[in-house]
Amino acid sequence: MDALKQHGLDVVSVTDVSPGLSDRAVIDLANKEDRAIITFGKDFGELVFRERLVVKGIMLLRIHPASPEYVAERIQHALTQATTVENRVVTVSEDRIRLRRQINKPL
């Protein structure tokens, strides 16, 4: 997280502010704070696509978290490649970045 902050990103870790939140509660918190979600959790994609929960945007990390610096590097790379994360689902893997259809804006 520090590496992302050093790149000027405004990031907040749920584990730092409200550990133990359910995925739905994380989505609610992100919506209240007008934030996109960056996660390794596969459940978030299911909540957005299958249950149609609304999020500002979501970045699903499908990479091996070799180090915090590597994760930050992949996120930074994805942000430079994706036109926007807002209203999209961005899946980041080791060898590609996939943008999925637009999702609804939070209410």
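The table below lists the values:
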{"item": "Net charge, residue 42 excluded, C-beta distance under 11 Å - Lys, Arg +1, Asp, Glu -1", "result": "-2"}
{"item": "Contact order relative to length of the chain, as percent, for alpha carbon pairs under 8 angstrom and 6 or more apart", "result": "24"}
{"item": "Beta bridges by DSSP in the chain, antiparallel share as percent, to the nearest 5", "result": "35"}
{"item": "GluC sites (Glu not before Pro) within the range 11-102: DSSP coil, no more than 11 neighbouring Cβ in 10 Å", "result": "33, 51, 94"}
{"item": "Chymotrypsin sites (Phe, Trp or Tyr not before Pro) lying in DSSP loop within the range 26-92, provided at most 16 other Cβ fall within 10 Å", "result": "40"}
{"item": "With at most 15 neighbouring Cβ atoms within 10 Å, loop trypsin sites (Lys or Arg not before Pro) (DSSP) excluded, longest segment of the chain", "result": "53-95"}
{"item": "Interatomic Cα distance distribution for the chain, bins of 10 angstrom, percent", "result": "14, 49, 34, 2"}
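Bear in mind that the values in this text are calculations on the coordinates, not laboratory data. Worth saying up front: this structure is predicted, and the values here are computed from it rather than measured. Neighbour counts run over all protein chains shown; Cβ positions are idealised from the backbone, glycine included.
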